[in-house]
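Reviewing the structure listed below.
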Amino acid sequence: MSGSALEHLKILIVEDNQHMRSLLRALLNSAGIREISEANNGGTALTVLREKKCDLVLSDLAMKPMDGLEFSRTVRTAGNSPNPFVPIIMITGHTEKHQVEAARDAGVTEFLVKPITAHSLFSRIAEIVERPRAFVRCESYFGPDRRRRTIDSYAGPWRRHDDFQDLQVQ
Amino acid sequence: MSKPNIKAQMIPPDAYPQMVSKAHAAVMARTLRSNVTAVTATRVIEDNGEMLRDAVRGYVGELEEAGMDFAILSDKAHEIRGFAETAGMLSTGRIADGLCRYFDEAEQSGVRPDAAVVALHVSAITRTARDTDALSQMNDMVARELAQLAGRKLAESRKAAKNS
């Protein structure tokens with residue numbers, strides 16, 4: 001694989017809007033990405049994921065009958081999920097805090113707000129490729145670590161169950 | 001707060017399958033962030049401009065037809081906001097953004113959106129989408145004044161809800 005390892009990247013676009021699918025496909029093509037599959041809702045996307053190996057998913061949030069949140073939760077936690085670790089970028093025009101938190105808690109890897117630009121899309125993909133996130137499995141969640149950064153000066157309470165143990169080990 | 005029974009298990013990136021090796025990842029990231037890729041992608045967006053503008057005009061038509069059905073209006077406003085700027089329809093995008101924020105804040109505050117505020121936004125979106133829609137001073141002023149009006153109406157509605 002060379003500089004254009006991108007040629008071999010397999011991407012699934014999950015979007016009910018045909019214009020947005022076309023735009024995303026054209027943008028991905030412009031970066032040299034050729035292996036692109038499409039689905040118009042979460043249910044169809046699950047079928048595609050079972051049939052084809054995908055390296056990355058770009059998913060809309062609001063779709064019917066299965067929306068992007070349910071799709072992400074199913075990919076992460078269903079017993080028959082074809083790839084619970086696949087990176088998911090949620091692309092949405094809904095920027096309200098509760099929607100962002102719902103996407104994070106459903107296990108999405110990155111969140112991208114419409115209107116999208118080439119820069120915003122490609123920098124999210126580059127981030128995922130270059131700095132893959134650790135995953136967390138606990139009673140109520142499976143997905144990318146929701147902590148995005150470590151604040152050395154953080155003086156608040158430890159909130160993760162095993163933080164105290166980690167502290168003792170150190 | 002009770003602690004969960006099962007401890008959180010951390011799975012580092014090295015412990016699950018990655019899409020590419022670290023060496024290839026660096027090359028891919030460089031390509032994705034390169035100027036060449038940015039220029040090519042910008043051209044692609046320009047080439048798709050007419051398709052995107054048609055899409056926005058289609059949503060604007062659906063917005064007009066929605067009457068005072070706030071659920072449809074909110075849905076279409078979000079679609080317009082998602083596309084208009086990419087299509088180069090900056091004023092339309094800005095006013096649609098104002099309408100989306102108004103709907104979102106009204107919902108958060110538990111107040112019903114004001115029909116006149118919504119109608120004014122719809123009218124301005126329709127007009128700017130039919131214009132050539134450069135971000136003219138006039139359109140910019142309309143967007144600003146609508147945002148102020150929406151803010152004022154929200155504050156009034158919240159106050160009324162609190163006092164009732």
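Brief remarks follow.
- Interchain or long-range residues, amide H under 5 Å from A:Leu56's placed H: A:Lys10, A:Leu12
- Chain B: DSSP helices with Cα axial extent of at least 30 Å and average Kyte-Doolittle hydropathy no lower than 1.6: none
- Selected from A:Ser123, B:Pro12, A:Leu46, residue furthest toward positive end of dipole (the protein assembly as shown; charges at beta carbon): B:Pro12
- Prolate/oblate/rounded label for chain B (Cα gyration tensor, a/c 1.5): oblate
- The label-point distance for B:Glu65 and B:Arg112, in a model that sets each label 7 Å from Cα toward Cβ, rounds to 2.6 nm.
- Whole-number percent relative contact order across segment A:3-169, with pairs defined as alpha carbons under 8 Å at least 6 apart: 16 percent
- Distant-in-sequence amide H partners of A:Leu112 (H built 1.01 Å from N, under 5 Å): A:Met90, A:Ile91, A:Thr92
- Exposure proxy for B:Val39, B:Val111: other Cβ atoms within 10 Å of each Cβ, ordered fewest to most, give B:Val39, B:Val111.
- The protein assembly as shown: mean projected area of Cα convex hull, nm²: 20.9 nm²
- Straight Cα distances below 24 angstrom link A:Lys53 to the lysines A:Lys10, A:Lys64, B:Lys22, with same-chain residues fewer than 8 positions distant left out.
- Cβ crowding within 10 Å, taken as a proxy for footprinting-reagent exposure, orders B:Thr92, B:Thr37, B:Thr128 from fewest neighbours to most as B:Thr37, B:Thr128, B:Thr92.
- Here chain B is assigned +1 on the Cβ of each Lys and Arg and -1 on the Cβ of each Asp and Glu. Its dipole about the Cα centre then comes out at about 860 debye.
- Computed from the C-beta positions of A:Glu35 and A:Val113 and an R0 of 25 Å, the FRET efficiency is 0.45 to the nearest 0.05.
- A dipole drawn for the protein assembly as shown from +1 and -1 charges on Cβ atoms has a positive end, and of A:Leu9, A:Met66, A:Leu28 the residue lying farthest that way is A:Leu9.
- Dipole orientation for the protein assembly as shown: of the candidates B:Ala129, A:Phe111, A:Pro144, A:Pro144 has the Cα lying most toward the positive pole (charges on Cβ; Lys, Arg +1; Asp, Glu -1).
- Nonlocal amide H pairs with A:Glu38, under 5 Å, H built at 1.01 Å: A:Ile13
- Rounded FRET efficiency, nearest 0.05, which uses the C-beta distance separating B:Arg152 from A:Ala26 and R0 of 45 Å: 0.60
Only the coordinates and a few stated rules stand behind these numbers; no lab work does. Keep in mind that this is a model prediction, so the values were computed, not measured. All Cβ positions, even for glycine, are placed from backbone atoms using ideal geometry, and neighbour counts span all protein chains on display.
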